[in-house]
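First the structure, in the form of structure tokens, and then the observations on it.
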Amino acid sequence: MPEAIIDQKTLYAVVCAAKSALEVGKMVDLTQDRGWPVQVVAAQATVSFIDIEALEKQVRRLVRSEHRKPDKPRSPRSDAIIITPVTFNAINKMLMGSPTNSF
């Protein structure tokens, strides 16, 4: 991954609760290989079956799964977003404007 990530665009990877979420590290590798720093945002239901520590080490940032506490660093602004794996539940909640992070 390039050294000066502060001047680069950031991809947000929103990870939904589905079995293929276990492969999100591969998507992060492919994205970083193309020069994009990644911020992982995991749905609450996803946290129990992905390796948060490994992802944080891989992206060199905290994996977000809840609202940021005032003493924690802010995430960078997103320039692009990918939802992976996207579930019908997540799509329905987005279409309905549901303000939940439980997809």
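Numbers for the structure displayed
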| read-out | value |
| --- | --- |
| Principal-axis tilt of helix 24-33 within the chain, Cα atoms, nearest 10 degrees | 30 degrees |
| Gyration tensor verdict on the stretch 36-85 (Cα atoms; rounded if a/c is under 1.5, prolate if a/b is larger than b/c, oblate otherwise) | rounded |
| Relative compactness, the chain, computed as alpha-carbon Rg over 2.2 N^0.38 Å | 1.04 |
| Estimated inter-spin distance, GLU66 and ILE81, nm [label 7 Å along Cα→Cβ] | 2.2 nm |
| Amide H contacts of THR10 (H built 1.01 Å from N, under 5 Å, at least 5 apart or other chain) | ASP79, ALA80 |
| Per-pair calculated FRET efficiency, R0 = 25 Å: ASN89 and ASP51 via Cβ, rounded to 0.05 | 0.65 |
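Every number in this text was worked out from the coordinates using simple rules, so none of it is lab data. Please read these numbers as outputs of a predicted model, since none were measured by experiment. Every residue, glycine among them, receives a Cβ derived from its backbone with ideal geometry; neighbour counts consider all protein chains shown.
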